[in-house]
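The structure appears below as structure tokens.
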């Protein structure tokens, strides 16, 4: 039977038998419970001749921590080597820690030794030794193991088991916890005579400058998205219970530049950088936005016109901030716009994997659907590329985009030289379509044209002079090595409909040169702007906009 007075059970787990010897000390008699003997002929579920154990724990030497037991310090069970100060005596002077409940009534362990200990959650964080630190005993893990290193490569160790009645009798468990903690000091003020038991609290100065023994410990949760060279996962801080988004890099090199950029950025409309660690795998920790990206939110509930206006305003503020620091994002797309709130509508710019701190750029990178013509040409470009990308995002969300090339540009250099014309023609059709709608969208793209993003000759003729493939600009990013989250997974990735809307476009519906870019019908962009706008009766079936 599940005893509602027990809030934790500890069973020994070490190869030297040191923990069992400690548990069996006379000082621990009121908390130590002998294992239930198993007689011959009994089944594993039987104890003696008539008794049946409540669960398998009854076959182990164990320490039971109960609500009704008196403690040296109110509200916490102290472990150590001094019988006058400790509730549970251990046969070693090195460990000093206590178990209690935090402000949210979660059982936790606080270390107060210079040697530290390790808390392992289902095999995770086994190398994260910490001292003067707090770990929460989270529910939902099959096994939580505490390991205390000793001299001569030995260790004390025990497994922690949470009772089931916190689920079956939640009100009784809460009431018992409140009674147990009534009159106790906050964890960071707990003291027992000369033994100061301190906690780091629930917040840290998250910086690489912290010593390894003080850095936060993060537990991996579900995967949020994945790219060729990295994945984004939800991570849990074992001290604060805060959830973050962690970008884990698959390779030991090539990730430093993104972290260097993110560390310098502090803006309300840019995803907040929290922390990073380099071992065992490089991990960048950022704020977690559970609403996901713009594509996902649009698939759940279409983004309203007022929300688009708010998005443009906030995004432009972020770009002003970035461009003032010579930071070019280069990969703006709906998947990299994260939604913090729908009421009010708040967004964050995320994923700086392709960002560059430079004003003169050349590498072709980013999503081809949102990239401007100069990127296809492999010509030098500037941070203005972000203006084009923002205009494309807004136009796609408000009116839809003309059908473009169904496949991205080929990776092979020779093949790429054959493809720019179709992308220029597509960009031409976008500007032409934008002129038939409201001025805000047209103005955004026209500004991009005026500052040099368009190649007029290419737009008029649909032809390009083959050029030798340019060499990589020194210190620029290798676009093949840089990675982005191409297909967010699970809920965060939106629905199939959203992917069809934002990614899948028929490859045979791109306007042909003879139809859209011939010398007889093309005209200069500046000449077209004075022509009358098409009416509803002049619709072009190749543009397929929403009515």
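Inside the range 52-110, residues that are free of Cβ contacts under 8 Å to residues at least 12 places away in the same chain and touching a helix residue (DSSP H, G or I) at 6+ places or on another chain (Cβ under 9 Å) make up a count of 0.
Residue pairs whose Cβ atoms lie under 6 Å apart, separated by 6 or more positions or on different chains, with the first residue in the range 236-251 and modelled with pLDDT under 95 and the second surrounded by fewer than 17 Cβ atoms within 10 Å (Cβ to Cβ), are 248/281; 250/229. State whether the residues of the range 355-364 include one that is within 22 Å of residue 245 (Cα to Cα), more than 17 Å from the chain's Cα centre (by Cα) and modelled with pLDDT of 95 or more. No, the range 355-364 contains no residue that is within 22 Å of residue 245 (Cα to Cα), more than 17 Å from the chain's Cα centre (by Cα) and modelled with pLDDT of 95 or more.
Results for (1) buried (at least 21 other Cβ atoms within 10 Å of the Cβ); (2) in the same structural domain as residue 375 (by TED's automatic domain parsing), shown as yes or no for each residue.
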{"residue": "266", "(1), (2)": "no, no"}
{"residue": "272", "(1), (2)": "no, no"}
{"residue": "278", "(1), (2)": "no, no"}
{"residue": "306", "(1), (2)": "no, yes"}
{"residue": "310", "(1), (2)": "no, yes"}
{"residue": "325", "(1), (2)": "no, yes"}
{"residue": "329", "(1), (2)": "yes, yes"}
{"residue": "338", "(1), (2)": "yes, yes"}
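Taking residues in the range 272-291 that are under 17 Å from residue 241 (Cβ atoms), and partners anywhere that are in a loop (DSSP other than H, G, I, E, B) and at pLDDT below 95, the pairs with Cβ atoms closer than 6 Å and at least 6 places apart or on different chains are 274/206; 275/206. Output the number of residues of the range 267-298 satisfying the condition of being part of a loop (DSSP other than H, G, I, E, B) and either at pLDDT below 95 or in contact with a helix residue (DSSP H, G or I) (Cβ under 7 Å, 6 or more places away or on another chain) (or both). Counting residues in the range 267-298 that are part of a loop (DSSP other than H, G, I, E, B) and either at pLDDT below 95 or in contact with a helix residue (DSSP H, G or I) (Cβ under 7 Å, 6 or more places away or on another chain) (or both) gives 9.
Checking each residue in the range 365-399 for being modelled with pLDDT of 80 or more and more than 17 Å from residue 315 (Cβ to Cβ) picks out only 399. Quick check on this structure: which one of 136, 144, 120 is within 23 Å of residue 24 (Cβ to Cβ) and within 34 Å of the chain's Cα centre (by Cα)? 144 is the lone residue from the list that is within 23 Å of residue 24 (Cβ to Cβ) and within 34 Å of the chain's Cα centre (by Cα). Can residue 308 be described as outside any strand (DSSP E or B) and within 21 Å of residue 425 (Cα to Cα)? So residue 308 does not fit the description; no.
Among the criteria (1) in contact with a strand residue (DSSP E or B) (Cβ under 6 Å, 6 or more places away or on another chain); (2) surrounded by 15 or more Cβ atoms within 10 Å (Cβ to Cβ); (3) modelled with pLDDT of 95 or more, the one residue 36 does not fulfil is (3).
The values are calculated or read from the model by the stated rules, or taken from the named source; none is laboratory data. Only a predicted model underlies this, so the values are computations on that prediction, with no experimental measurement involved. Every residue, glycine as well, gets a Cβ built from its backbone with ideal geometry; the counts of neighbours run over all protein chains shown.
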